[in-house]
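The values are calculated or read from the model by the stated rules, or taken from the named source; none is laboratory data. Being a predicted model, the structure only gives us computed values, none of them experimental. Backbone-built Cβ (ideal geometry, glycine too); neighbour counts: all protein chains shown. Accessible surface areas use protein heavy atoms only, side chains included; no ligands, DNA or RNA. Shrake-Rupley method; radii C 1.70, N 1.55, O 1.52, S 1.80 Å.
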Amino acid sequence: MKSSSVARVVEPNPDPAQIAFARKMRDDFTRLIMEHQFAVDEILTKVSILRTEFLHLHRYNPIEHVSSRVKSPESILDKVSRRGLEPSLSAIKENITDIAGIRITCSFISDTYRVLEALTSQSDVRVIAMKDYIADPKPNGYRSLHAIVEIPVFLSTGPVPVTVEIQIRTIAMDFWASLEHKIFYKYDGDVPSHLATDLKNAATIAGSLDRQMEELHTEVHGATSLDDAKGVHDNIDDDLLHRFWILSKNYQED
């Protein structure tokens, strides 16, 4: 009888404590990711409603593009290690506020503030922190509005508060930030000084472009006022309005 050429590797007895820990962390991380994905979905729904309202009631849509992401368990664990945090779910929830992220790209600077106000003024959105990098850019030239908000996610066990990072910027700011990120990644954070200077100069040019484009838009269309703007009233024609007026008049007479 020939013996097998492949030796069997005998695994040592697994540590019960390690198995229990692994099972708990798997369940905890699954729930953590799920809760933050639900929070992203909630914010995206709010943004979608705002876009529809702006478009159909004000004939103006300040939101050009929306993207979102939820950090992977590996990325979360890397951040825990870098920051020297306790490797526990409670410490992660308390200290890492950008697990869920939404990025909103607008046409003009004024739009970024308008969208931020529309989102953060909603009753179920609690603002934890806010940073205005448009009015006060970072030293490298980065511009954007950042807000850390908390919203309730309703699960079968009840509402769970979840934090979401919201970034709102113009098209020019987003283009600059995307290029800066690629350069930063290519040089592993150690960007040559001449490139850093060029990037900062480019940020200044992008800011000037934002202002010039908004001035041109205002000159052509006038200042956009949501209170005065006329909307696109689909399916509400003069005949329907006349019928409504007759019904209203008859109701008052009765």
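Which one of the conditions (1) at pLDDT 90 or above; (2) open to solvent by 50 Å² or more (accessible area, probe 1.4 Å); (3) out of contact with any Leu (no Cβ under 7 Å at 6 or more places or on another chain) does V9 fail to meet, given that it meets all the rest?
Result: V9 passes all but (1).
Quick check on my filter: what residues within segment 94-113 are within 14 Å of the chain's Cα centre (by Cα) and either open to solvent by 60 Å² or more (accessible area, probe 1.4 Å) or charged (D, E, K, R) (or both)?
Answer for segment 94-113, where residues must be within 14 Å of the chain's Cα centre (by Cα) and either open to solvent by 60 Å² or more (accessible area, probe 1.4 Å) or charged (D, E, K, R) (or both): D98, R103.
Has segment 114-128 got any residue that is polar (S, T, N, Q), in contact with a strand residue (DSSP E or B) (Cβ under 6 Å, 6 or more places away or on another chain), open to solvent by less than 40 Å² (accessible area, probe 1.4 Å) and farther than 24 Å from H217 by Cα?
Scanning segment 114-128 turns up at least one residue that is polar (S, T, N, Q), in contact with a strand residue (DSSP E or B) (Cβ under 6 Å, 6 or more places away or on another chain), open to solvent by less than 40 Å² (accessible area, probe 1.4 Å) and farther than 24 Å from H217 by Cα.
Quick check on F29: is it in contact with a Pro (Cβ under 9 Å, 6 or more places away or on another chain), part of a helix (DSSP H, G or I) and more than 26 Å from L155 (Cβ to Cβ)?
Spelling it out, it is not the case that F29 is in contact with a Pro (Cβ under 9 Å, 6 or more places away or on another chain), part of a helix (DSSP H, G or I) and more than 26 Å from L155 (Cβ to Cβ).
Out of segment 131-150, which residues are more than 13 Å from the chain's Cα centre (by Cα), of a type outside the set (D, E, K, R) and within 19 Å of T97 (Cα to Cα)?
First, the residues of segment 131-150 that are more than 13 Å from the chain's Cα centre (by Cα): 131-143.
Retained after the next criterion (residues that are of a type outside the set (D, E, K, R)): 133-135, 137, 139-142.
Residue satisfying the conditions is Y133 alone.
Residues in segment 96-103: is at least one free of Cβ contacts under 8 Å to residues at least 40 places away in the same chain and out of contact with any strand residue (DSSP E or B) (no Cβ under 9 Å at 6 or more places or on another chain)?
Within segment 96-103, the first condition is being free of Cβ contacts under 8 Å to residues at least 40 places away in the same chain, and the residues that meet it are 96.
When the remaining residues are screened for being out of contact with any strand residue (DSSP E or B) (no Cβ under 9 Å at 6 or more places or on another chain), the result is none.
Scanning segment 96-103, I find no residue that is free of Cβ contacts under 8 Å to residues at least 40 places away in the same chain and out of contact with any strand residue (DSSP E or B) (no Cβ under 9 Å at 6 or more places or on another chain), so the answer is no.
Applying the selection to segment 36-71, what residues are over 16 Å from Q122 (Cβ atoms) and at pLDDT below 90?
L55, H56, L57, H58, R59, Y60, N61, listed by residue number.
I'd like the residue in segment 173-200 that is in contact (Cβ under 8 Å) with a residue 40 or more places away in the chain, over 30 Å from F38 (Cβ atoms) and open to solvent by less than 80 Å² (accessible area, probe 1.4 Å) and, out of all such residues, is nearest to the chain's Cα centre (by Cα).
Residue satisfying both the conditions and the ranking: E180.
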